[in-house]
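The structure appears below as structure tokens.
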Amino acid sequence: METLSSISPDDAAALARLLGQLSTTANFDSGRLHAIIDHEATELLVARVGGEIVGMATFVSSPSQLDCEVTLKMSWSTSRYVAEALRGSS
């Protein structure tokens, strides 16, 4: 797994293919992906096989204060996609 900090043309093409497998009505929006990468509270994690992106997950984070001295960063996954050929494999 790797956190994307930028999107190359090859990465954009792989992400578009991946989203196309999710739904016939899914539209690839590079601006939206750049917004996810650029925002301080979100991360776009990708899995690669042979250098090509075959899975992705988005995470949203926010601070959570346990008491007046301890603050943790809490994160949750908002979406996950895996290439159709690799679904169910380990």
Original post:
Looking at (1) surrounded by 12 or more Cβ atoms within 10 Å (Cβ to Cβ); (2) modelled with pLDDT under 85, can you tell me which one residue 41 breaks?
Top reply: (2)
Subject >> Pairs, first more than 15 Å from residue 44 (Cα to Cα) in region 1-22, second surrounded by 10 or more Cβ atoms within 10 Å (Cβ to Cβ) and of a type in the set (Ser, Thr, Tyr), C-beta under 9 Å, six or more apart >> reply: 21/81; 22/81
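The values are calculated or read from the model by the stated rules, or taken from the named source; none is laboratory data. Because the structure is predicted, anything quoted here is derived from the model rather than measured. With ideal geometry, Cβ positions are generated from the backbone for all residues, glycine too; neighbour counts draw on all protein chains shown.
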